[in-house]
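Before any comments, here is the structure.
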Amino acid sequence: MSRENGRSEVGVGASGTGEQLALIREAVREKKADRAKPRTWRGAELAAELPVARVLVDKGLVHLDRYFDYAVPAAMDAEAQPGVRVRVRFGAGEKGGRREGGKLVSGFIVERVAESEYRGVLAPLAQVLSPERVLSPELLGLCRAVADRYAGTLADVVQLAVPPRRARAEAKPSPPLLAPNAPPEVGSWARYGAGAGFLSALTRGDTPRAVWTALPGATWPQELARAAAAALAGGRGALVVVPDGRAAARVDEALGELIGEGRHVLLTADAGPEERYRRWLAVSRGSVRAVIGTRAAMFAPVADLGLVALWDDGDSSHSDPHAPQPHAREVLIQRSVSERAGFLLGGLSCTVEAAQLVETGWARPLTAEREQVRAAAPLVRTIGEGDEARDAAARAARLPSMAWQVVRDGLTRGPVLVQVPRRGYAPRLACERCRTPARCRACAGPLEAQEAGALGCAWCGRAESDWHCAECGGARLRAQVVGARRTAEELGRAFPAVPVRTSGRDHVLTTVPGAPALVVSTPGAEPVAEGGGYAAALLLDGWALLGRPDLRAGEEALRRWLGAAALVRGQAEGGTVAVIAEPTLRPVQALVRWDPVGHAVRELAERAELGFPPVSRMASVAGRGEDVAELLRTAELPSGAEVLGPVPLPVPDAGRPRRPGDPPPGEEWERALVRVRPGQGAALAAALKAARAARLVKREGEAVRVRIDPPDLG
């Protein structure tokens, strides 16, 4: 047998022998094997033979967070351009003296180069899945910045930013870009001192940045739409991100009325995978320059972005549950800076992060005068826990007499909203006298009861003895309220002639008629009442919100109360809100005064004093105890980094669904918190990411979860 020019030749006599037939079979097998094996080129040979594609492989492993070089066959040269999806063989190795191709995985070409720095063997691209350039350089840069901010991998962030491919959607062309619309009228923005100026700046092409505290009422979708229309009128793009599909539909309708059809798209999960991808492609191709959507739309590749807007940044829906769990607010801030776009952070309430943007001067406040607030807001009345019902009807509904009177009077004029917290919360401790949450004197973490009646910190694990309240000096503790009272049936019995509607997880109402009715809703699911709003609202079980084991308990309670109270008619029209909670507490007083900004500013000052985020940067490290300890020991943390804990993580209830960060079933995990000074957040994220990568390379222990600035600190 001889081999020349890649051919196998075997001489066979007329009679043939068993040995010759065996040689023929062997030659055929070798030829088939040569054809089946992917051809490979060495990096040094590529300059003379084939160009190189640098590929981001769809593997979200932290130690593989880099690009890999592949040869580009001549047949794929035209389509294998930066930004397209490809299939490559990954994980190849040597076995028995042969080069194995590895498994086929998906990826994206990020750039083309003439020569690879890798001196080993390069495999060719296996397939170009689509010539559609879905990963633009701008989107790639944004994903890299987000991955670095949250100690995550680029592949994980790209998976969040680029939706899965749908071939039928790619085969259809997108419509042409329509001409810019005329600048919108100021409309209800005139109620805000700087509102008209903000819209004018967007139309001129400037980059104004504002934290907007919206007035109560149902006009905020129209105001968001006018801001987006102003950016479009200036010839630039607009991106509006809202918490849920109901809010997105309201803004979508308002923007459609302003600018007409074909100039914007709605990106929500309700559209279905193929339709959503078709709309996303229209944005990526530049056919439309305005996007309204929920959390995933924060990465929408809007061309020539002029405005990024976020509504209600305190809503937990804005925090992605998938690694590395970025928050829409931080992503849009990054886009505003890198793409030189205007920024609008709006809400009925105000988070401490929003207050910090104003305090640092990065953004300007956009608020109405107090006279406008008082005219638009309902009358808020407080009812303490100790108030007793004095009549049979109030006792049947388990309501204080004053609350029952508010409901009865409201039903004579229209629908009445009743907000009931949905979930129960783990018990923590508070002062029995003034109800201030009990916190550790060392790190200010929440105290909880441990075995044998001892007190301990849920953050640093330090035992606490001889505790005294910092507010009133009291020494006695009580358990915070756990869970929510179910009152729909009691209200139905107390008001038998009135229809009762419910809105919650299983069935969320969008609107309700303006006729008298009781509307029992969980927080965030409150429907809009037709005919000008609700006549009254009742906010039940304030302690179920204020007693949560969370640093944001007060802020979150106020946000949910304001969201419900804003749907009630103004005080001049007889609108009344009754909240059942301790009247002296700061969130309750902020609701009475309708002063979310003042509440956020005071919360920010307290966090600065205690060293809490957002004034500091903090990372949560969770896993098995030995793995957490080893990662923290090997990580090169920034100077002055403070490690709190580790402490055991509570085992989640078997009956509830698993949440992000919950330990796997049957495992006992611990959590440590790492706190650093302002300006050290990037170094902290890089150190923890490098330590995780080193552990994976050495295959030491089990995986450890790292989360930067977790919003659910206790």
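The values are calculated or read from the model by the stated rules, or taken from the named source; none is laboratory data. Since the structure is predicted, the reported quantities are computational estimates derived from the model, not experimental observations. With ideal geometry, Cβ positions are generated from the backbone for all residues, glycine too; neighbour counts draw on all protein chains shown. Protein only, heavy atoms only, side chains kept; ligands, DNA and RNA dropped before computing areas. Shrake-Rupley method; radii C 1.70, N 1.55, O 1.52, S 1.80 Å.
Residues that are open to solvent by 20 Å² or more (accessible area, probe 1.4 Å) and farther than 26 Å from residue 597 by Cβ within segment 295-321 comprise 296, 301, 303, 304, 321, listed in sequence order.
Checking each residue in segment 510-531 for being of a type outside the set (Asp, Glu), closer than 19 Å to residue 562 by Cα, open to solvent by 30 Å² or more (accessible area, probe 1.4 Å) and touching a strand residue (DSSP E or B) at 6+ places or on another chain (Cβ under 9 Å) picks out 510, 511, 528.
Would you confirm whether any residue within segment 386-401 is open to solvent by 40 Å² or more (accessible area, probe 1.4 Å), of a type in the set (Lys, Arg) and modelled with pLDDT of 85 or more? Break it down into steps so the answer makes sense when it comes.
Looking only at segment 386-401, we keep the residues that are open to solvent by 40 Å² or more (accessible area, probe 1.4 Å), and these are 386-388, 390-392, 395-396, 398.
Those left that are additionally of a type in the set (Lys, Arg): 390, 395, 398.
Narrowing further to those that are modelled with pLDDT of 85 or more: none.
No, that holds for no residue.
A search for C-beta distances below 8 Å between a residue of segment 489-508 that is farther than 16 Å from residue 412 by Cβ and any residue that is assigned to a loop (DSSP other than H, G, I, E, B) and acidic (Asp, Glu), counting only pairs 6+ apart in sequence or on different chains, returns 503/526. Any residue at all in segment 432-444 that is open to solvent by 10 Å² or more (accessible area, probe 1.4 Å), among the hydrophobic types (A, V, I, L, M, F, W, C), at pLDDT below 80 and over 32 Å from the mean Cα position of the chain (by Cα)? So far as segment 432-444 goes, yes, one or more of its residues are open to solvent by 10 Å² or more (accessible area, probe 1.4 Å), among the hydrophobic types (A, V, I, L, M, F, W, C), at pLDDT below 80 and over 32 Å from the mean Cα position of the chain (by Cα).
Matching residues to (1) β-branched (Val, Ile, Thr); (2) farther than 30 Å from residue 691 by Cβ; (3) surrounded by fewer than 20 Cβ atoms within 10 Å (Cβ to Cβ):
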position: 113; (1), (2), (3): yes, yes, yes
position: 144; (1), (2), (3): no, no, yes
position: 156; (1), (2), (3): no, no, no
position: 160; (1), (2), (3): no, no, no
position: 170; (1), (2), (3): no, yes, yes
position: 174; (1), (2), (3): no, yes, yes
position: 186; (1), (2), (3): yes, yes, yes
position: 192; (1), (2), (3): no, yes, no
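Pairs are defined by a Cβ separation below 9 Å, a sequence spacing of at least 6 or placement on different chains, a first member in segment 164-189 that is under 14 Å from residue 202 (Cβ atoms), and a second member that is open to solvent by less than 90 Å² (accessible area, probe 1.4 Å) and of a type in the set (Phe, Trp, Tyr); the pairs so defined are 189/198. Please verify whether residue 414 is at pLDDT 85 or above, in a loop (DSSP other than H, G, I, E, B) and surrounded by 18 or more Cβ atoms within 10 Å (Cβ to Cβ), treating the condition exactly as stated. Considered against the rule, which asks whether it is at pLDDT 85 or above, in a loop (DSSP other than H, G, I, E, B) and surrounded by 18 or more Cβ atoms within 10 Å (Cβ to Cβ), residue 414 comes out as yes.
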